[in-house]
Amino acid sequence: MKTLRVCVSGLLILLWLLSCAPPPAPAPFSPPKRNLFVIMPDPDGKTGQIAVTNQAGTQIVDKPGQATEVRDAKTAPEPPRPLDEKEIARLFGAALAAQPAPPVTYILYFKSGGADLTEESLKKLPAIFATVAERKSSDITVVGHSDTVGAKQKNYEISLNRAKRIKELLVSKGVDSGKIATESHGEDNPLVKTADEVAEPRNRRVEVTIR
């Protein structure tokens, strides 16, 4: 069989099932007899599309849970057909179970001009610590931000201190510091776009992403 080309556009999970109908006397390393492609939505519910192509034609699959099958290089991919959840679980259960959990992001807000969390954000810390512990996470990103009040360089330093403060809190709960990456964006990537010298509370934040 010639190479089967699959073009992927957008965010999706592409599952490729290779299965054989065994001949009477199976030979080792026999090539697969068919190829089944299924498109699944991302954790946020979005679905991209795939173009399954061989020398006989192309089939576009762009709806969640739909599949197309290719029997051989000289037969065009079959029209898309839906697979129900039970069939998907039967065919791809092991592959789906092996998928890493999607990252979780928490946003913590700070009082103006420093690295002191707001009272509401202090209440979020236990949930963050619990998520890190449950996932046994080895990849945590802590990114500091600021509003546009004050000099740009000063805001960079403030947002870096905010990120460092959250890292200190994580380390105090037993998280390996080597598993935590800190960054500072200063006022460059506001959650809410404002003019200069605007005290926007939602921009004084740290984003904690746990993978």
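Every number in this text was worked out from the coordinates using simple rules, so none of it is lab data. Since we're looking at a predicted model, the values are computed, not measured. Backbone-built Cβ (ideal geometry, glycine too); neighbour counts: all protein chains shown.
Could you check Gly144 against (1) free of Cβ contacts under 8 Å to residues at least 60 places away in the same chain; (2) under 10 Å from Arg204 (Cα atoms); (3) surrounded by 14 or more Cβ atoms within 10 Å (Cβ to Cβ); (4) of a type outside the set (A, V, I, L, M, F, W, C) and say which number it fails?
(1)
Which of the residues spanning the stretch 31-60 are over 30 Å from Thr105 (Cβ atoms) and assigned to a strand (DSSP E or B)?
Step one: filter the stretch 31-60 for residues over 30 Å from Thr105 (Cβ atoms), giving 31-37, 51-60.
Answer for the stretch 31-60, where residues must be over 30 Å from Thr105 (Cβ atoms) and assigned to a strand (DSSP E or B): Arg34, Asn35, Leu36, Phe37, Ala51, Val52, Thr53, Asn54, Gly57, Thr58, Gln59, Ile60.
Of (1) surrounded by 17 or more Cβ atoms within 10 Å (Cβ to Cβ); (2) under 28 Å from Pro100 (Cβ atoms), Thr131 satisfies all except one. Which?
Single failed check for Thr131: (1).
Considering only the stretch 103-132, state which residues are of a type in the set (Gly, Ala, Ser) and in contact (Cβ under 8 Å) with a residue 40 or more places away in the chain.
Step one: list which residues in the stretch 103-132 are of a type in the set (Gly, Ala, Ser), which gives 112-115, 121, 127, 130.
Passing the criteria: Ser112, Gly113, Gly114, Ala115.
Anything in the stretch 145-154 that is polar (S, T, N, Q) and under 29 Å from the mean Cα position of the chain (by Cα)? List them, or say none. Please lay out each step first, then the result.
To start, the set of residues in the stretch 145-154 that are polar (S, T, N, Q) comprises 146, 148, 153.
If the condition is that a residue be polar (S, T, N, Q) and under 29 Å from the mean Cα position of the chain (by Cα), then Ser146 is the only one that fits.
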